[in-house]
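Peer 1: Below you'll find the structure I mean.
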Amino acid sequence: MKNWENLKALFSALNEETEYLVLRNFEEFSDEKFLSSHPDIDFLCRDQQKIVQVTGAVPRGTAGDYTHCKIMVDGHEVFADMWTVGDGYYDSVWGLDMLKSRVLYENLCYVPDEKNYLYSLLYHSLVQKHQMSEDYKERIRKMSRDLGQKPVIWDHFRDHLESYMREKGYHYTYPALPGGIANFENADRSLILKDRRRQTARVLYRIKKRIKKLLHR
């Protein structure tokens, strides 16, 4: 397994050879304790195979699962999630928009611009988590203030996100990977992108259930 000298060496290679961004928590990279604190990095990319090849990442669980990987940096294992445009982690259009508008953070790595960072973090906290941490609530409020927006209160977080999604034409999406979280509680159902595979699975389930019921009459 390739061992990168430091984060700067890792990202220098990625900056030259791949199209990616780090979705969140990149502010922690400057902390000297980052590598020794069981860190993880969430990437969004267009070409998963390319970013895996460049980083030398290996699956950290199921063989062949290159979405959940680990990378070696300065002798420390860093968990890396390699999310891609089209895998349902975010709306595909939103993912492409984030990559097109990415910015270089502290001459180190590419990250979302301020607005995409705010709303992708809001989406992550409301949809991709079972519940939002107090740390994320406060961070989102601060980011909103920094952008010159009205302070967002907890009861209106979902409304704030959905207003932005309607403006941009984005949708809630189901993650492609089994076990992925899609918390659509209190969500506007019209914003949920229809998933034909899930719809077919639900229909088949109802048919099997009906057949089973008829057989037991």
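The values are calculated or read from the model by the stated rules, or taken from the named source; none is laboratory data. In this text, all values refer to a predicted model and were calculated from it rather than measured experimentally. We place every Cβ from the backbone using ideal geometry, glycine too, and count neighbours over all the protein chains shown. Calculation scope for accessible area: heavy atoms of the full protein, side chains included, ligands and nucleic acids excluded. Shrake-Rupley method; radii C 1.70, N 1.55, O 1.52, S 1.80 Å.
Peer 1: What are the ³J(HN,Hα) values, in whole Hz, obtained from phi via the Karplus relation 6.51 cos²θ - 1.76 cosθ + 1.60 with θ = phi - 60°, for each residue of region 22-35 in sequence order, with x given for Gly and Pro?
Peer 2: Coupling constants for region 22-35: 8, 5, 6, 6, 5, 4, 7, 4, 7, 6, 4, 8, 4, 5 Hz.
Peer 1: Give me the percent of the accessible area of region 1-158 that comes from carbon and sulfur atoms, probe 1.4 Å, all protein chains in place.
Peer 2: Working: 3690 of 7980 Å².
Exposed carbon and sulfur together represent 46 percent of the surface.
Peer 1: Could you do me a favour and compute the accessible area per residue for the chain, 1.4 Å probe, result in Å²?
Peer 2: For the chain, the solvent-accessible area averages 59 Å² per residue.
Peer 1: So what is Rg over Rh here for region 116-178, counting just Cα atoms and using Kirkwood for Rh? Each step should come with its number before you reach the end.
Peer 2: Working: Rg = 11.8 Å, Rh = 12.3 Å.
Looking at region 116-178, the ratio lands at 0.96.
Peer 1: Measuring from centroid to centroid over Cα atoms, what is the spacing of region 18-54 and region 122-161 in Å?
Peer 2: Each part reduced to its Cα centre gives a spacing of 22 Å.
Peer 1: I would also like to ask the following. May I ask for the equivalent-ellipsoid semi-axes of region 1-96, computed as the square root of five times each C-alpha gyration tensor eigenvalue and listed largest first in whole Å? Mind showing how you got there, number by number?
Peer 2: On the way: eigenvalues 85, 44, 34 Å².
Taking √(5λ) for each eigenvalue gives 21, 15, 13 Å, largest first.
Peer 1: On average over all directions, what projected area in square nanometres does region 83-198 have, based on the convex hull of its Cα atoms?
Peer 2: Numbers: hull surface 31.3 nm².
So the Cα hull casts an average projection of 7.8 nm².
Peer 1: Still on this structure: Calculate log10 I(q)/I(0) of the chain for q = 0.08, 0.09, 0.10, 0.16 Å⁻¹, where I(q) comes from the Debye formula with a single equal point scatterer on each Cα and nothing for solvent.
Peer 2: So the normalised log intensities work out to -0.34, -0.42, -0.51, -1.16.
Peer 1: Given a cut-off of 23 Å, name the pairs among Lys50/Lys100; Lys8/Lys168; Lys8/Lys137; Lys2/Lys50; Lys70/Lys100 whose C-alpha atoms lie farther apart than that in the structure shown. Kindly include the intermediate steps, with their values, before the conclusion.
Peer 2: On the way: Lys50/Lys100 18 Å; Lys8/Lys168 34 Å; Lys8/Lys137 30 Å; Lys2/Lys50 15 Å; Lys70/Lys100 26 Å.
Cα-Cα > 23 Å for Lys8/Lys168; Lys8/Lys137; Lys70/Lys100; rest within.
Peer 1: Let me ask you something else. What accessible surface, in Å², does a 1.4 Å probe find on Leu214, ignoring ligands, DNA and RNA and rounding to the nearest 10?
Peer 2: Result for Leu214: roughly 90 Å² accessible.
Peer 1: Now, a different point. Is there a quick way to get the dipole size of the chain? I mean about its Cα centre, with the Cβ of Lys and Arg at +1 and of Asp and Glu at -1; what is the value in debye to the nearest 20?
Peer 2: That gives a dipole near 2040 debye.
Peer 1: Cα atoms only: what Rg and Dmax, in Å, come out for region 4-58?
Peer 2: 11.3, 30
Peer 1: With the dipole of the chain worked out from charges on the C-beta (+1 for Lys and Arg, -1 for Asp and Glu) around the Cα centre, which of Tyr172, Trp4, Leu161 lies farthest toward the positive end?
Peer 2: Tyr172
Peer 1: Can I ask one more? Where does the longest stretch of the chain lie that holds no GluC sites (Glu not before Pro) found in a DSSP loop with 12 or fewer other Cβ atoms within 10 Å? Don't jump to the answer; show the numbers that get you there.
Peer 2: Numbers: sites that count: Glu5, Glu32, Glu106, Glu185.
After excluding every exposed loop site, the longest remaining stretch is 107-184.
Peer 1: Tilt of helix 134-146 relative to the longest C-alpha principal axis of the chain, in degrees (0 to 90, nearest 10)?
Peer 2: Between helix and principal axis, roughly 70 degrees.
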